[in-house]
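Reading through the structure tokens given below for one structure.
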Amino acid sequence: MSRTEAPPLPEPLRVPVADSHTHLDMQDGTVEEGLARAAAVNVTTVVQVGCDVKGSHWAAETAAAHPSVHASVALHPNEAPRIVHGDPEGTARQAAREPGGKAALDEALAEIDALAALAHVRAVGETGLDFFRTGPEGVAAQEESFRAHIEIAKRHGKALVIHDREAHADVLRVLADAGAPERTVFHCYSGDAEMARICAAAGYFMSFAGNVTFKNAQPLRDALAVAPTELVLVETDAPFLTPAPYRGRPNAPYLIPVTLRAMAEVRNTDEDTLAAAVYDNTARAFDF
């Protein structure tokens, strides 16, 4: 089986569900094709997430053109240090860039702020902290950007979408210190059961991705088992984190049923009940 070959369409869900976090701009095929495949398995709504200024504009435009798409706009935590300190090497996905300093970060944040005011933009994110890819020199820029996004989300009454990678304590600290928005979503939840209890007490939504199906992800399943039903969401984070048994192949919103069924098993509930709850939670989290 080719690692680049798209997995087959799963059995459709009987109850519609929403993909709370996807990157259609990084997936193969057109937006229309991606949405049609998702709709064929009863994934009727997606939240398209921006990671930089260009991607956030694209998310807003795509949401404006498609009723089943809602936009979230932000500078990814790894984007903030790139803007401030530059990135002479670049990456496979991103071109090299010159250092822009605080002025360039402020300029980028002002564009995110303007996009966040639009009606079809439902959230500000993904923002947060990522200590996996960014070293100590980038932490200050990440935290400054994170705090600015929290403020933007609160000012516009939008949800906040959190990217938290190897930074649990610091993310929770900043949220507590700055005052989290009314609706806060931990995208691709990566904490353990203890952290899930902390998030639940604060009323934070926890969105589970395909990695909850991975063999080595028992701590994630333990977290899912204790998370309150009314705070659980499902996502693809496509094209990343494709659920087992398709791990390593391209992910897309149509694979939500695979993850949702695995989640229902962990929670010892039936898939229809979980799908209905997850859809309602997503609509509440993103106010659609």
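The table below lists the values:
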{"quantity": "Mean Cα-pair separation over length for the chain, i.e. relative contact order, pairs under 8 Å, 6 or more apart, %", "calculated": "21 percent"}
{"quantity": "Beta bridges per DSSP with both ends in the chain, % antiparallel, nearest 5", "calculated": "5 percent"}
{"quantity": "Mean shadow area of the chain over all directions, Cα convex hull, nm²", "calculated": "13.8 nm²"}
{"quantity": "R0 of 35 Å, Cβ-Cβ distance S68-A169: FRET efficiency to nearest 0.05", "calculated": "0.45"}
{"quantity": "Part-to-part distance (alpha-carbon centres) for region 198-221 and region 37-96, which is given in Å", "calculated": "22 Å"}
{"quantity": "For region 178-229: rounded, prolate or oblate by the Cα gyration tensor [a/c cutoff 1.5]", "calculated": "prolate"}
{"quantity": "Cα-based radius of gyration of region 136-217 once divided by 2.2 N^0.38 Å, which approximates compact folds", "calculated": "1.11"}
{"quantity": "R97 accessible area, 1.4 Å probe, all protein chains in place, Å² to nearest 10", "calculated": "80 Å²"}
{"quantity": "Surface per residue (accessible, 1.4 Å probe) for the chain, Å²", "calculated": "42 Å²"}
{"quantity": "Partner lysines for K154 [C-alpha distance under 23 Å; skip if fewer than 8 residues away on the same chain]", "calculated": "K54, K102"}
{"quantity": "For region 224-288: Kirkwood Rh in Å [reciprocal of mean 1/r, alpha carbons]", "calculated": "12.3 Å"}
{"quantity": "Largest to smallest accessible area among D222, D164 [probe 1.4 Å]", "calculated": "D222, D164"}
{"quantity": "Rounded tilt (10° steps) of 139-156 against the dominant C-alpha axis of the chain", "calculated": "70 degrees"}
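The values are calculated or read from the model by the stated rules, or taken from the named source; none is laboratory data. No experiment lies behind these values; they were computed from the predicted model shown. No Cβ is skipped: glycine too gets one built from the backbone with ideal geometry, and neighbour counts run over all protein chains shown. Side chains are part of the model used for accessible areas, which takes the heavy atoms of the whole protein and leaves out ligands, DNA and RNA. Shrake-Rupley method; radii C 1.70, N 1.55, O 1.52, S 1.80 Å.
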